[in-house]
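The values are calculated or read from the model by the stated rules, or taken from the named source; none is laboratory data. As the structure is a computational prediction, the values presented were derived from the model and not from experiment. Here the Cβ positions follow ideal geometry from the backbone for every residue, glycine too, while neighbour counts run over all protein chains shown. The accessibility values were calculated without ligands, DNA or RNA, using every heavy atom of the protein model including side chains. Shrake-Rupley method; radii C 1.70, N 1.55, O 1.52, S 1.80 Å.
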Amino acid sequence: MSERWEYKIVYFSAERWTRTGLPADMNEQFDKFGAEGWELVGTEAIIRPSWFWSAGKTVGVVGYFKRRLR
């Protein structure tokens, strides 16, 4: 029998990011998901386009998690 998985997609806002890294509560949230059996399998930056010739601004990150069905 093949393994079955469930998935979770979570948006993390970049509003409270600092120059030194992500807010501490994001790590706490990752730790909570890990304790619940979720594995982070990917991330994707959400970027607000710029009207000028710059790269835009990161406004958040989406985290993709999976765990085996119980």
Just the residues that are assigned to a loop (DSSP other than H, G, I, E, B) and open to solvent by less than 90 Å² (accessible area, probe 1.4 Å), please, taken from the stretch 3-53. A14, W17, L22, P23, E36, G37, W38, S50
Starting from the stretch 55-70, keep only residues that are farther than 30 Å from R4 by Cα, then list their pairs with residues that are open to solvent by 50 Å² or more (accessible area, probe 1.4 Å) and assigned to a strand (DSSP E or B) whose Cβ atoms are within a distance under 6 Å, requiring at least 6 positions of separation or different chains. G56/I47; G56/R48; K57/R48; T58/A45; T58/I47; V59/I46; V59/R48
Limited to the stretch 16-38, what total is found for residues that are farther than 11 Å from G63 by Cβ and at pLDDT 80 or above? 8
Looking at the stretch 54-70, which of its residues are more than 13 Å from S13 (Cβ to Cβ) and either modelled with pLDDT of 85 or more or open to solvent by 40 Å² or more (accessible area, probe 1.4 Å) (or both)? S54, A55, Y64, F65, K66, R67, R68, L69, R70
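Yes or no: the stretch 1-9 includes at least one residue that is without any contact (Cβ under 8 Å) to a residue 60 or more places away in the chain and acidic (D, E).
Looking through the stretch 1-9, none of the residues is without any contact (Cβ under 8 Å) to a residue 60 or more places away in the chain and acidic (D, E).
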